[in-house]
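Novice: Quick one: the structure is below, questions incoming.
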Amino acid sequence: MKIVADRQIPFLNAVLEPFAQVVYLDGEEITADIVRDADALLVRTRTRCDASLLEGSSVKFVGTATIGTDHIDTQWCESAGIAWSNAPGCNADAVCQYIVASLLSVSVRHGIPLDDKVLGIIGVGQVGSRVAKAAKTLGMKVLLCDPPRAEREGRKGFSSLSTLFQECDFFTFHTPLEKSGKHATWRLANGGFLSKVKPHAWLINSSRGAVVDNTALRIALRSNSIAGAVLDVWEGEPDQIDQELLHLLEMATPHIAGYSLEGKANGTTQIIRALAQILDVKSLKSWQIPADELSPPRDPLIRIDAGSGPDELWLHEAVFRSYDVRADDADLRHDPSSFELLRSRYAFRREFPAFKVELKNGSPSLAEKLRGLGFAVTVAR
């Protein structure tokens, strides 16, 4: 058996070798010639899996260690008898961590209390649902906008975009990229969208770059039509990103919102198990990464002596010490041309549950909020 795998998929080395010849390559090195005699292909978003890559090959399975499937022509694969699998929800908690860090950073830096602010969540799947729960923990009001779900499940609990325009102080996108159809999301946040939001509104995109029209966003920010924006994903990435837009953003990061160690472990686990089902490798059908391979955080104990000040200040302190999103922002600003290098060499962070907060002089509400975000909390006497 021959398996071609993206060398950047973590925890994969030596797992499949007892059962197959494994060829590890960078995503852009995976070509039709390489996969012609392969039985399976394991990729990330950088490898386009369609007829031009797979036609005439012996590939029976394509697995992507990512939530998204934009890079896989699933219709063609199915018509060609090629099974495929993604890793839905694998990094949902990591993206939620990124959104929480971004919201708290904006709050503290600009003196914007999050209590009673309204967050509009566009796309309420695995990630959006977690973001909704975390935002409520922060004291925010949440409006959910997901037209496909509203059609399937009924409109109760969902809001229209027009309602979000009227009510929301923050917008965050968690949709797939759909270029056509009734629920197209390509450039959903275009000039018309941005002209309808409140002028003090903030926009966060960690879904797909082209969900937000980057040119329209640049114009809106330059004209102060909106308060600010945070982008983790970009139109034209990784080869081209709008550097003028980058300098107008509150925070700019190189598509790393989902890059936690737990998220990567989940993604690898899901595609190995899917491959084992398709190729009938019984010993891998329930495979999981050994716990000791998840390296602990450098400093897993966070001590906070909460004096005066709002809960947001101390929540920000805990989140900042577990994940400093501003460091990722600084890295990209320092050298925008290193976008893909920053992704491939990223030091995967740990998620909130990997940290323990020792809280002194904190209110019961602060302890409850920290627990709600996932931290282990002890209250010091």
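Read-outs: derived from the displayed coordinates by stated rules, not from any lab. Since we're looking at a predicted model, the values are computed, not measured. Heads up, the Cβs are rebuilt from the backbone with ideal geometry, glycines too, and the neighbour counts pull from every protein chain shown.
Novice: Run down the aspartates and glutamates and flag those whose C-alpha is under 16 Å from the C-alpha of Lys179, throwing out any fewer than 8 positions away in its chain.
Specialist: Reachable aspartates and glutamates: Asp70, Asp73, Asp213, Glu235.
Novice: List the residues of the range 221-244 whose backbone N lies under 20 Å from a point placed 7 Å from the Cα of Tyr346 along the Cα-to-Cβ direction.
Specialist: Only 229-243 fall inside the zone, counting backbone N under 20 Å.
Novice: Once you put a point 7 Å from the Cα of Asn190 and another 7 Å from the Cα of Lys356, both along the Cβ direction, what distance in nm separates them?
Specialist: 5.4 nm
Novice: For Asp299 and Lys141, compute 0.36 nm times the residue count separating them, minus their Cα-Cα distance, and round to one decimal in nm.
Specialist: Length gained, Asp299 through Lys141: 53.6 nm.
Novice: Let me ask another. Could you grab the relative contact order for the chain? Cα pairs under 8 Å, six or more apart, rounded to a whole percent.
Specialist: Relative contact order comes out at 14 percent.
Novice: Moving to a separate point now. Compare the peptides 39-50, 80-91, 104-115 by average per-residue count of other Cβ atoms within 10 angstrom and give them in order, highest first.
Specialist: 39-50, 80-91, 104-115
Novice: If R0 is 45 Å, what FRET efficiency do you get for Ala51 and Ile219 from their C-beta distance, rounded to 0.05?
Specialist: The computed FRET efficiency comes out at 0.75.
Novice: Need the list of lysines near Lys117 for cross-linking: C-alpha distance under 17 angstrom, and skip anything on the same chain fewer than eight residues off.
Specialist: Within the straight-line cut-off, Lys117 pairs with Lys133, Lys136, Lys141, Lys198, Lys369.
Novice: Determine, for each peptide in 130-139, 5-14, 229-238, the mean count of other beta carbons within 10 angstrom over its residues, then list the peptides with the highest first.
Specialist: Most protected by this proxy first, the peptides run 229-238, 130-139, 5-14.
Novice: I need the peptides 66-78, 156-168 ranked by packing, meaning the mean over residues of other C-beta atoms within 10 angstrom, with the highest value on top.
Specialist: 66-78, 156-168
Novice: Under a point-charge model restricted to the Cβ atoms of Lys and Arg (+1) and Asp and Glu (-1), what is the dipole moment magnitude of the range 293-379 relative to its Cα centre, in debye to the nearest 20?
Specialist: 200 debye
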